[in-house]
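Values in this text are rule-based calculations from the coordinates and carry no lab data. Just so it is clear, the structure is predicted and the values come from calculations on it, not from any experiment. Cβ sites come from the backbone with ideal geometry, for glycine too, and all protein chains shown count toward neighbours.
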Amino acid sequence: MRPLIAPSILSADFCRLAQELETVQTADWLHVDVMDGQFVPNLTVGVPVVESLRATTDMVLDVHLMIEKPLRYVEAFAKAGADYLTFHLEADHPTGIRAAVDRAAQLGVKPGVALRPITKAEAVAPYLPDLDLVLVMTVEPGFGGQAFLADQLDTVRAARALIHKLNPNCLLEVDGGIDPATIGAAFAAGADVFVAGSAVFGRPDRAAAIAELRGGCHG
Ligand code: DX5
Ligand code: ZN
């Protein structure tokens, strides 16, 4: 399928978010990084920001929860208007992750699960039939602007094989260090959705940055 580009607002100017959104209208999704200072050392944005984004844009809101015990916030993010809600497998016991996936689906939000670099692709298998998205981190979660971890391409390939076997409709996303030089390898390994923070918002011409990312998938 056609690659989907998801700019991460983590690298945007939060004082000018509406104008920043205007500059990425040629992208496919908008990626929102929610961090709690526990699951990852950093703190970012939460429910009110997703609510404001929903009131401002029709873009698909891809909400990446880097928070402990995400079940506690599924309902709030669903009400706020998230389209995709992604939970880290390392953020709770399997029963908590299962409950979060089920709750999201009940509320009409597309559930996803994310893997830190330490987590094997096989860990998604029990949830896969019920997922719309698998997110393979290609950096340690927590900060934008880090270097792409090429070792994670093995995990991308393994996740693609599992998706092919268990739920071919599920999308496969990569997040971290994606730029025109690294996106081709992730695309070849089987990713469909490409999160890019600094490679989009760190550039003055966002449309050109998005076009270069698309180009990198084929070149
Ligand atoms: C990192 C976040 C990413 C981040 C990516 O924990 O999940 O979405 O914004 O930033 P770049 O593209 O700059 O690596
Ligand atoms: Zn992210």
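Rounded to the nearest 500 deg cm²/dmol, what is the calculated helix-only ellipticity per residue at 222 nm for the chain, with -39500 (n - 2.57) per DSSP H run of length n ≥ 4?
Details: 8 runs with 72 residues, N = 219.
So the helix-based figure for the chain works out to -9500 deg cm²/dmol.
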- line: Extension length gain for Asp154 and Gln19 (0.36 nm per residue less Cα distance), in nm, is 44.8 nm
- request: Work out the charge dipole of the chain with +1 on the Cβ of Lys and Arg and -1 on the Cβ of Asp and Glu about the Cα centre, then indicate which of Leu162, Leu21, Pro7 is farthest towards its positive end.
  value: Leu162
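Quick one: Kirkwood hydrodynamic radius for the range 5-77, alpha-carbon pairs, angstrom, one decimal?
Taking the inverse mean of 1/r over all distinct Cα pairs, the range 5-77 comes out at 12.8 Å.
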- line: Quick note on Arg160, Arg2, ordering by fewest other C-beta atoms within 10 Å, gives Arg2, Arg160
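Using 0.36 nm per residue of separation minus the Cα-Cα distance, give me the extension gain between His164 and Glu75 in nm, one decimal. Could the numbers behind the result be given before it?
Details: separation 89, 0.36 × 89 = 32.04 nm, distance 3.01 nm.
So the extension gain works out to 29.0 nm.
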- request: Distance between Cα centroids, the range 170-214 to the range 103-162: provide it in whole Å.
  value: 16
query: With +1 on each Lys and Arg Cβ and -1 on each Asp and Glu Cβ, how big is the dipole of the chain about its Cα centre, in debye rounded to the nearest 20?
result: 300
- request: Evaluate Rg over Rh across the chain, taking Cα atoms for both radii and Kirkwood's formula for Rh.
  value: 0.93
